[in-house]
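To start, the structure under review is shown below, and the notes come after it.
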Amino acid sequence: MLARSGRKVLVLERHPTRAGGAVASEEATLPGFVHDVGAAFFPFSRVSPAFAALDLEGAGVEWAKAPLQSCHPAPDGTAATLSTDDDETADSFGGADGDAWRRQMAWHRRVEPRLIDALLGPLPALRPLMRLLPVDLLRFAAVALSSAAGFAARRFRSEAARRVLPGLGLHADVGPDDRFGAALGYMLATSAATTGNVVPVGGAGAITAALLRRLTDAGGEVRLGAEARRILLRDGRPVAVRLADGEEIPVRGPILADTDAVFLYQQLLVDARLSGRVRRRMDRFRRGWGTFKVDWALSGPVPWSHPDAARSAVVHAGDSVDDLRRFTAQVRAGDLPDHPYLVIGQQSLVDASRAPPGCHTLWAYSHVPSHLPEGWPARREAFADRVEARIEGLAPGFRERIRARRIVTPPDLEAFDPNLVGGDLGGGTNAWTNQLVFRPVFPYFRYATPVPGVYLCSSYAHPGGGVHGMCGFNAAHAALRARRGGA
Ligand SMILES: Cc1cc2nc3c(=O)[nH]c(=O)nc-3n(C[C@H](O)[C@H](O)[C@H](O)COP(=O)(O)OP(=O)(O)OC[C@H]3O[C@@H](n4cnc5c(N)ncnc54)[C@H](O)[C@@H]3O)c2cc1C
């Protein structure tokens, strides 16, 4: 957005061989098997104002959509499945639960564009909020003020339907009973139902390639292997960025940091005068949970017991709301979960370019403590076996189809991308204490920092984790507005 406005833009990327951070893909197991290193499903692709402005499709992204979007099976044979066809979802939820879903989606589809503007745009989102009717605001408040389990229990009767929203909340560190926890699961469920958990043909790296094309078309440049270590200030204003190798790059315009918020405030801005409150908040900044990920190369599709799972982009392993509660309690206690909740992705179901003919890839993650007293090397293989055992319970014969696996522990994630501190994929905790005006620290929730001309543009800023492009998009507009205002 900055380059398009005529600025001369230089992107400094620490990674030596690729840009894109957690949005990349690589042959990580066997030749011909393409795995996403982080993000894999893009339900915000259609609704994101940033992606619309950048026209990713025009820059080469081709989306592929599975017949079903999110399946939530259990070993007892039950499943609740989200589809972009509300009647299909209603049939899966069954009876009164199906009717409740239809009613919810009839409302949601009507308000979605305005709701998305209010939730993803810069705060305070007064104008988008004013475009919602009071009755719609009250209806959304009923979601936002609930816990995921509480909201689901009020709406649905069957255990299968009740576990969907709390399961989706556990994509980040939002437990079923967490205060104000329903919104994340709600947004993931409804965006799966409107856009779908779509994947870019060729791998997540296709999104980064499209963004790079937009950057270079507008005259911007990327330097790989360039790690920013410090922002040099003169009279309290940024004059240069110092790299890890000592090189100093002079700057004449704004600096946008796509970094961990703590790194920005404590390292890059070490020379800045910060208030005691900002310093204390950064000292005590709450991280999200760690993430443990496995990529598999398979000789065939996963032999799921439930037919919906075999047609669904994403499958969630979480047997019941109580099972999800137990998982949450174990991770919060610092223990490795004995029955890990899983987000399981089947990109190759809809994108044949991900694996050789007849073969498939599989991607899955669970949440875990970032650090273990005995260290991750001692536990990684056994925990990956536990993950496989859980999938085997839902898909007998799965293990026989494994040709190779790659394990990624929390320290591995942080090693390839320092924003994923301790394997936290959400840019800090998703608890309400780190949302909206508290993200990452009040009153710097509008991308600007106490240093004029320095902005935070990563998922540590509002609206947080997920590939929607809005942290950067909003931050770029904030920088452009300040420039026009002479700041
Ligand atoms: C395993 C996993 C699965 C996920 N699944 C999904 C999903 O399916 N769908 C979804 O929407 N989201 C998903 N996410 C979340 C999503 O990937 C992130 O929220 C998103 O990528 C955050 O974007 P970002 O720009 O803030 O940071 P990142 O994508 O982390 O990029 C930050 C970039 O900045 C670079 N950098 C950092 N510090 C410096 C420095 N000092 N100097 C130079 N360069 C630096 C890093 O190397 C990196 O390239 C997932 C994340 C992970 C890890």
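The values are calculated or read from the model by the stated rules, or taken from the named source; none is laboratory data. Keep in mind the model is a prediction, meaning the values are calculated, not measured. Here the Cβ is made from the backbone with ideal geometry for all residues, glycine too, and neighbour counts use every protein chain on show.
Key figures for this structure:
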read-out	value
Residue pairs meeting the criteria (Cβ under 8 Å; at least 6 apart or on separate chains; first without any contact (Cβ under 8 Å) to a residue 24 or more places away in the chain, in segment 416-429; second hydrophobic (A, V, I, L, M, F, W, C))	none
Filtered residue count, segment 461-487, keeping only those that are farther than 15 Å from L123 by Cα, assigned to a loop (DSSP other than H, G, I, E, B) and more than 10 Å from the ligand (Cβ to nearest atom)	3
Cross-chain or 6+ apart pairs with Cβ under 8 Å, segment 445-460 first and within 16 Å of the ligand (Cβ to nearest atom), then acidic (D, E)	C457/D258; S458/D258; S458/D260; Y460/D260
Candidates V315, V321, filtered to the one that is closer than 23 Å to H35 by Cβ, among the β-branched types (V, I, T) and either buried (at least 23 other Cβ atoms within 10 Å of the Cβ) or touching a residue at least 60 places away in the same chain (Cβ under 8 Å) (or both)	V315
Whichever residue in segment 240-262 is assigned to a loop (DSSP other than H, G, I, E, B) and near the ligand (Cβ under 10 Å from one of its atoms) and, among such residues, is farthest from Y447 (Cα to Cα)	A244
Qualifying residue in segment 412-435 (condition: aromatic (F, W, Y) and either in contact with a His (Cβ under 6 Å, 6 or more places away or on another chain) or within 16 Å of the ligand (Cβ to nearest atom) (or both))	yes
Residue satisfying all of: in segment 338-367; more than 10 Å from the ligand (Cβ to nearest atom) and aliphatic (A, V, I, L, M); nearest to V387 (Cα to Cα) among these	L342
Residue within segment 292-307 that is over 29 Å from R483 (Cα atoms), β-branched (V, I, T), assigned to a strand (DSSP E or B) and within 16 Å of the ligand (Cβ to nearest atom) present	yes
Test: residue in segment 440-450 that is farther than 23 Å from R234 by Cβ and in contact with a Cys (Cβ under 9 Å, 6 or more places away or on another chain)	no
Those residues of segment 407-416 which are buried (at least 18 other Cβ atoms within 10 Å of the Cβ) and more than 12 Å from F292 (Cβ to Cβ), in sequence order	E414
Evaluation of R7 against (1) within 16 Å of the ligand (Cβ to nearest atom); (2) buried (at least 17 other Cβ atoms within 10 Å of the Cβ); (3) within 25 Å of A228 (Cβ to Cβ) (one fails), failing number	(1)
Output for segment 92-133, where each listed residue is basic (K, R), touching a residue at least 24 places away in the same chain (Cβ under 8 Å) and in a loop (DSSP other than H, G, I, E, B)	none
Index of the failed condition, V408 passing every other in (1) out of contact with any strand residue (DSSP E or B) (no Cβ under 8 Å at 6 or more places or on another chain); (2) in contact (Cβ under 8 Å) with a residue 12 or more places away in the chain; (3) within 16 Å of the ligand (Cβ to nearest atom); (4) not polar (S, T, N, Q)	(1)
Test: residue in segment 219-237 that is crowded, with 21+ Cβ neighbours inside 10 Å and more than 19 Å from the chain's Cα centre (by Cα)	yes
Matching residues in segment 300-329 - criterion: being aromatic (F, W, Y) and farther than 23 Å from G290 by Cβ	W304
Condition broken by N197, with the remaining ones in (1) away from the ligand (no atom under 11 Å from the Cβ); (2) among the polar types (S, T, N, Q); (3) over 30 Å from E247 (Cα atoms) satisfied	(1)
Residue match in segment 380-390 (condition: in a helix (DSSP H, G or I), at negative phi, surrounded by fewer than 16 Cβ atoms within 10 Å (Cβ to Cβ) and touching a Gly at 6+ places or on another chain (Cβ under 7 Å))	no
Scan of segment 404-428 for residues that are in contact with a helix residue (DSSP H, G or I) (Cβ under 6 Å, 6 or more places away or on another chain) and in a loop (DSSP other than H, G, I, E, B), ordered by number	T409, L420, G428
Qualifying positions in segment 10-28 - crowded, with 21+ Cβ neighbours inside 10 Å and β-branched (V, I, T)	V23
Residue match in segment 30-41 (condition: part of a loop (DSSP other than H, G, I, E, B), farther than 23 Å from Q69 by Cβ, without any contact (Cβ under 8 Å) to a residue 12 or more places away in the chain and away from the ligand (no atom under 14 Å from the Cβ))	yes
From the options A210, A206, A161, A172, residue that is of a type in the set (A, V, I, L, M, F, W, C), more than 19 Å from the chain's Cα centre (by Cα) and at negative phi	A161
Subset of segment 242-262 that is touching a helix residue (DSSP H, G or I) at 6+ places or on another chain (Cβ under 8 Å) and not hydroxyl-bearing (S, T, Y) - its residue that is modelled with the lowest pLDDT	G253
Residues being under 20 Å from the mean Cα position of the chain (by Cα) and not in a loop (DSSP other than H, G, I, E, B) - total across segment 308-326	7
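Residue by residue, here is whether (1) closer than 29 Å to L413 by Cα; (2) part of a loop (DSSP other than H, G, I, E, B); (3) in contact (Cβ under 8 Å) with a residue 12 or more places away in the chain holds:
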{"position": "R214", "(1), (2), (3)": "yes, no, yes"}
{"position": "V222", "(1), (2), (3)": "yes, no, yes"}
{"position": "P238", "(1), (2), (3)": "no, no, yes"}
{"position": "L264", "(1), (2), (3)": "yes, no, yes"}
{"position": "R273", "(1), (2), (3)": "no, yes, yes"}
